[in-house]
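Worksheet: one structure, shown below.
The values are calculated or read from the model by the stated rules, or taken from the named source; none is laboratory data. Please read these numbers as outputs of a predicted model, since none were measured by experiment. Because the Cβ atoms are built from the backbone with ideal geometry, glycine has one as well, and the counts that use them run over all protein chains shown.
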Amino acid sequence: MLRTTLASSRALRVGVLGLVTITTAILITSDSAEARRRHRHYARHHHTQVARETENPRFASIIVDGNSGSVLTATSPDGLRHPASLTKIMTLYLLFERLDSGKMKLDTEMPVSEHASDQDPTKLGLRPGQTIRVEDAIKGLVTRSANDAAVVIAEAIGGSEDDFARMMTRKARALGMSRTVYRNASGLPNDEQITTARDQSVLGRAIQDRFPRYYRYFSTTAFNFRGRTITGHNRLLGSVEGVDGIKTGYTRASGFNLVTSMHRGNRFLVGVVLGGRSGGSRDAIMRNLLAENVGKGATTRTVAAITERNPADAKIEVADDDTPRAAESVTAASEPAAAAAVQPQRPAKPSLMAAAAAALPPLPAKPEPQAKFEAKFEAKSEAKPEPAPLTSGVIQTQPIAAIPGSAEPMKPVKVKTVQVKAGQIKLAAAGPAQSAPPVTSTVQARAEVAETSTAVMARAAETSRPEMPPQPANFGTGNGILGVLPASHVQAPAPAAPQTMAAIEPARSQPAPQNSAVKPVAAVAHTGWIIQVGALESESEAKQRIDLARNSARGMLSKADPFTEVVAKDNRKLYRARFAGLERDQAEAVCRTLKRADISCITVRN
């Protein structure tokens, strides 16, 4: 009896366990089938959504491999579009330029004008007479896309928003953005403010290469401003692996725009979507484009950083148009959050840009409205050539007289020489019996190559000797920390023709007594700023360091003047490896590039 009971109990347990197993398997199979059904439905819906967007005449996109520079995929990348708040990327580029050069600081207070406070939403609500810190303005542009803060930045840098917009367009030309024109600092509607997906991808890469320290602000999702928490509009931050910025944009004329940067592993992509029908569809398209192309990206960096070139070559007009601008009559929100709050759109004159975008088929065939629109800007460029800008970027392949910020070639400056009496110069490193240190150069000797400051000091030491042997003509001249010095106790030769020099710094030592009997002697000096890339134990090492720096500077030192200079320090002889003939901004840009290549670099004012 007991055995029968135990057997029945065991059979019951087995039956229950089998029933549970079967039920679980059925549920899992049903869930998997439902998941597959939902996935197929989502995929069909997503592809339908993408197809609808690509049929939109305002739509344009591009994905660029930041490591190789190649275009992985594109749709109408050169079609003219309105940038909307993507304009603020260039506004911040010019602000980062000031921060990088030390002309402004993150805690610099910028005044708020009535014009800035009158900007349409979205904005921070700044009032005339207030000030805002540079760092808060940056975060306001990145998160809220604040139009009032954008105008504050423009007026702080350019004096007026119109002048700042010209600076923005010149900078676009220098970066190679050949089809972009800016008319304001915020991106609020303006028919003449245009760009392309390709140009925006160039800017998205350049701002990272040039300002890695400040680019991190584009990953800001929220910040506290005067007791309020300001949140951002970029929904891809934190939701797509590797996305680190950079900017969204929206107006009725432009549609929904987005520039995105992704660093995933060793791969680096920059994507642009313009003219989306909604913020959600724009974001979905960007996610899809990044996912489809991230596997195609290169894993090693082979393309050079985007550098600025001579904007005087631009063929598109920058100055104000003489004809009235067709202002859009709507209060356009800069971002989707304000789209529902704007006033209803009233009829306005047809926009040239809207007509071009609405009828624009794939390149190269161009509809008549866009051809006329482009011809309009080409015609202006013939009448009004663009001036060169003030820039701290890298300027390549241009003569010294044409550097942006200088409207005239360099002029010669007459230089007077001074007599230094024997016994008044004390040199810690130069002993009584020490001969003049040699000055060498890694390039062939030329008549215009200047003497170094060390040579001047050594020759000055020679003048302290009791007996002076006969000296050759022009001995003892040079531009150094003691000014321009002639040889002592030597009758001055006949006056020589003055040579052209860009600038001569005043002597930084105590004033030396002048001798009216000494006639002027022509002096030759290194011009411009000097960068030093090392102080080595031997001349050969110094030359090797010069060659290494030139190869690592990506052509930025092609027109610089390389030389070595001998100095005595701590009873040792060192050879300085240097380049001369640079502008201050060029020297600073070169040093930044060399430091990224782990080459020490300092700038020296000549």
Task: Residues (under 18 Å from residue 145 (Cα atoms) and either outside the structural domain of residue 204 (by TED's automatic domain parsing) or out of contact with any Phe, Trp or Tyr (no Cβ under 9 Å at 6 or more places or on another chain) (or both)) located in region 68-112 - done: 82, 86, 88, 110, 112
TODO: Please work out which one of (1) over 23 Å from residue 69 (Cβ atoms); (2) in a loop (DSSP other than H, G, I, E, B) is the condition residue 217 fails and give its number.
DONE: (2)
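Can you pull out the residues in region 53-62 that are at pLDDT 95 or above and out of contact with any Lys or Arg (no Cβ under 9 Å at 6 or more places or on another chain)?
Within region 53-62, the first condition is being at pLDDT 95 or above, and the residues that meet it are 59-62.
Matches in region 53-62: 61 only.
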TODO: Determine, yes or no, whether residue 546 is part of a helix (DSSP H, G or I) and either out of contact with any helix residue (DSSP H, G or I) (no Cβ under 6 Å at 6 or more places or on another chain) or not assigned by TED's automatic domain parsing to the domain that holds residue 209 (or both).
DONE: yes
Task: Which listed residue is on the phi < 0 side of the Ramachandran plot, in a helix (DSSP H, G or I) and over 19 Å from the mean Cα position of the chain (by Cα), from 191, 162, 199 - done: 162
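So that you can scan it fast, the table gives a plain yes or no per residue for (1) in contact with a helix residue (DSSP H, G or I) (Cβ under 8 Å, 6 or more places away or on another chain); (2) at pLDDT 95 or above:
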site	(1), (2)
201	no, yes
214	yes, yes
218	yes, yes
253	yes, no
289	no, yes
TODO: Tell me which residues, restricted to region 110-124, are surrounded by 13 or more Cβ atoms within 10 Å (Cβ to Cβ) and either among the small types (Gly, Ala, Ser) or assigned to a helix (DSSP H, G or I) (or both).
DONE: 113, 115, 116, 117
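Among the residues of region 220-241, which ones are surrounded by fewer than 16 Cβ atoms within 10 Å (Cβ to Cβ) and more than 26 Å from residue 130 (Cβ to Cβ)? Let's see the steps before the verdict.
In the first step, residues of region 220-241 are kept if they are surrounded by fewer than 16 Cβ atoms within 10 Å (Cβ to Cβ); the result is 221-222, 224, 226-229, 231, 238-239, 241.
Scanning region 220-241 gives 238, 239, 241.
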Open item on the list: Please go through region 548-606 and give me each residue that is surrounded by 13 or more Cβ atoms within 10 Å (Cβ to Cβ), within 28 Å of residue 301 (Cα to Cα) and acidic (Asp, Glu), ordered by number.
Closed with: 585, 588
- [ ] Write out, first by first residue and then by second, each pair whose Cβ atoms fall under 6 Å of each other, whose residues are 6+ apart or on separate chains, and whose first residue, in region 70-85, is part of a helix (DSSP H, G or I) while the second is among the small types (Gly, Ala, Ser).
- [x] 84/187; 84/249; 84/254; 85/145; 85/187; 85/249; 85/334
Task: Filter pass, residue 107 being modelled with pLDDT under 95, part of a loop (DSSP other than H, G, I, E, B) and acidic (Asp, Glu) - done: no
